[in-house]
Amino acid sequence: MPYLKEERPETLGVEGEWNIGAYTWKANRLLEEFVEGLKQRKLVGSLCFGCGKVIVPPRNLCGRCHRKMEGRVVVSDVGTVTCFIISPPIKRGKIKVLGMDPVEQGLIQEDEVIIPVFVKFDGADSNLGTLLIGADPKEVHIGMRVRAVWAKETRGELSDLEGVEPLR
Amino acid sequence: MMFRNVAIIGCGQTKHSSKRRDVSLPEMIEEAAWRAMEDAQVTPEEIDAIVVGNMQGFGGVAQPDQWIGDWIGAPGKPVMRIATGGTTGGSVGQGAIYAVASGMYDKVLAVAWEKHSDSKEPGATTGLLHVALANFFHAFNYGMNLKSLVATTVVGAAAGVAVYQAMFYMHRSGCRIEHFDMVAAKSRRNAAKNKYAHLQWPGCTPEDIAKTEMVAYPFRFGHICPASDGASAIVVAAEDIAKKKEDKAWVKGLASYSDEENQLMSESYGGVGILDASEQMGCRVSAMKAYRMAGITDPKREIDVAEIYQPFPSQELIFAERLGLFDEGKAWVALEEGEMEIDGRMPTDPSGGVLATNAIGSSALQRILEAALQVMGKAEEHQVPKEVRNAVAHGWGGVTNYTTVTVLGDSPR
Ligand SMILES: [Zn+2]
């Protein structure tokens with residue numbers, strides 16, 4: 001007798017809480033140094049004494065040298081766009097992130113165009129992914145010069161760096 | 001180098017589609033495994049060991065290796081499961097090659113698969129979501145605001161790392177979106193000649209692809225790979241056994257690579273170690289090592305066909321250059337001149353590749369399998385119309401960047 005292959009759209013659901021605490025080991029102490037820098041409107045990076053590479057935000061290990069990145073440096077808050085994406089106008093009901101509709105939640109305006117960019121801040125050897133704010137999508141290009149946009153009141157958290165804006 | 005010569009003596013795969021509702025997970029894998037053993041003319045009893053793998057957590061099954069054993073003839077044998085993200089199939093194939101080359105086993109079966117449709121989550125990304133959530137919540141601990149997190153994810157999620165990679169490549173090579181239309185159309189046309197492929201479109205033109213909706217610049221809907229259900233399998237055997245077989249593809253060289261460039265945004269919001277997402281040094285270094293082992297000094301001349309892991313059209317161009325098949329930044333020029341077509345000078349992905357069929361865990365093993373078929377002259381309608389002495393198969397894994405390169409040929413090393 002063939003196996004019973006009846007399609008069941010709903011199989012098993014479990015209600016309850018999912019403890020992501022299993023990942024507390026991820027708490028990278030270097031991020032504390034980074035957000036402490038943001039509070040003073042400074043971008044802190046780590047420096048590898050092996051190859052001289054500077055990475056922002058700081059990381060523990062230089063993968064290619066396989067040594068601890070022991071140096072600390074502050075890089076410029078002016079940098080260059082190395083890569084970008086221009087979203088289509090975001091519509092209600094079209095996308096879901098983390099299980100929610102960002103337009104419905106008021107996080108993104110209806111028809112808002114979002115421009116995530118990679119920025120290489122002067123003095124850094126790495127890209128930082130952030131948002132380009134206050135730019136005309138038509139003017140965005142690789143090589144575009146941008147400056148960090150800081151929160152009105154910095155509190156020592158990642159959102160102190162709101163994004164970057166065109167350097168005019 | 002001291003190891004035994006090894007050859008692929010059998011290949012098997014399933015038909016691919018978005019939903020294989022006619023079979024359960026083990027039944028689907030069984031199809032590919034038995035076809036490979038039939039093709040190799042070996043019985044399950046003759047297989048010494050089995051290497052298996054799919055994407056971690058995909059298809060909603062945490063330990064599929066515990067479910068499929070009986071179906072692929074595993075009882076009483078060593079079974080090794082390998083999972084390296086998108087590269088999984090490449091690592092599974094290379095795992096089987098290592099096992100025979102070492103002298104430990106004479107005949108090893110490699111099986112890889114994905115059954116996306118069994119998972120209810122969009123994209124069947126149980127495993128990825130788990131990791132991603134942990135990273136997100138970690139950032140929240142440091143005051144990441146929800147708006148900027150959602151905004152960066154909204155666009156990135158569409159095609160993730162590949163969009164950034166394509167942008168970098170276009171900027172440094174002069175390649176344009178029209179070239180992505182050409183690669184995608186070629187993949188659909190080639191797939192139409194491959195009876196196992198998923199997205200088949202005979203006679204598809206770049207203009208057809210250009211009419212599809214823009215998802216996230218520079219990718220249109222027509223540029224994106226499907227999520228397929230399917231499995232593939234190969235039988236790897238030692239030299240003395242392979243010599244007695246009529247059809248075989250010799251393993252001439254192989255290499256793999258993992259690097260800190262693997263993380264686009266890096267783990268836990270630590271900085272990234274690489275500037276250009278399309279640099280893909282891992283592929284270049286792996287190719288150089290594998291060619292050296294294979295005794296190939298001029299891949300442009302000595303490689304006859306390539307099976308490249310390309311869920312997005314930009315990747316076929318980027319990796320073709322990294323595999324040394326075209327000059328730096330010039331793959332799109334060769335494409336314009338028809339060199340990458342099935343009947344071109346350097347056919348790439350005559351099977352349609354990952355762009356046409358993406359059962360993720362299986363995709364990189366399929367590259368090895370398809371390269372083997374080309375060497376054996378058994379690719380049927382998508383066989384390249386020329387003598388194939390050497391073929392190269394490539395595997396790559398998404399954001400977590402593992403690379404595999406395997407060189408096959410019609411004679412032992
Ligand atoms: Zn270093």
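Quick notes on this one:
- Student exercise, segment A:29-166 dipole from Lys, Arg, Asp, Glu Cβ charges, in Debye to nearest 20: 600 debye
- Between A:Lys91 and B:Ser102, the simple spin-label model (points 7 angstrom out along Cα→Cβ) gives 5.5 nm.
- A:Lys42-B:Met281 FRET efficiency (beta carbon distance; Förster radius 35 Å; 0.05 resolution): 0.65
- No Cys partner within the rule (Cβ under 4.7 Å), chain A: A:Cys51, A:Cys83
- Calculated on C-alpha atoms, the gyration radius of segment A:29-166 divided by its Kirkwood radius gives an Rg/Rh of 1.02.
- Dividing the helix sum by the residues of chain B, where each DSSP H run of 4 or more adds -39500 (n - 2.57), gives a mean residue ellipticity at 222 nm of -11500 deg cm²/dmol.
- Between amide H atoms placed 1.01 Å from N, distances below 5 Å from A:Lys53 occur with A:Cys48, all of them 5 or more places distant or on a separate chain.
- Take the Cβ atoms of A:Glu32 and A:Val78, set R0 to 25 Å, and the FRET efficiency comes out at 0.50.
- All Cα-Cα separations within chain B were binned at 20 Å from zero, giving a P(r) of 29, 60, 11, 0, each value a whole percent of the pairs.
- Computed extension gain for B:Glu207 through B:Asp327, at 0.36 nm per residue and net of the alpha carbon distance, reaches 40.5 nm.
- Bridging of A:Lys42 to lysines at a Cα separation below 27 Å is possible for A:Lys26, A:Lys53, A:Lys68, A:Lys120, A:Lys152, B:Lys147, once same-chain residues fewer than 8 apart are set aside.
- Virtual paramagnetic centre 7 Å along Cα→Cβ of A:Glu70, amide N under 14 Å, in segment A:44-64: A:47-52, A:61-62
- Filtered GluC sites (Glu not before Pro), segment A:77-168: DSSP coil and at most 13 other beta carbons within 10 Å: A:Glu104, A:Glu110, A:Glu153
- Size descriptor for the protein assembly as shown, Kirkwood hydrodynamic radius: 24.7 Å (Cα pairs only, one decimal).
- Too-long pairs where the Cα-Cα distance tops 28 Å, listed order kept, from B:Lys115/B:Lys289; B:Lys244/B:Lys300; A:Lys91/B:Lys15; A:Lys94/B:Lys211: B:Lys115/B:Lys289; B:Lys244/B:Lys300; A:Lys91/B:Lys15
- Here the mean projected area of the convex hull built on the C-alpha positions of segment B:271-413 is 8.4 nm².
- In segment A:29-166, taking the dipole from charged Cβ atoms about the Cα centre, the farthest positive-side position among A:Val103, A:Leu43, A:Ser87 is held by A:Leu43.
- Calculated [θ] (222 nm, deg cm²/dmol) that DSSP helices of n ≥ 4 give over chain A, each run adding -39,500 (n - 2.57): -2000 deg cm²/dmol
Bear in mind these aren't lab numbers, they're just calculated from the coordinates by the rules spelled out. Since the model is a prediction, treat every value here as computed from it, not as a measurement. Glycine gets a Cβ as well: all are built from the backbone with ideal geometry, and neighbour counts include every protein chain shown.
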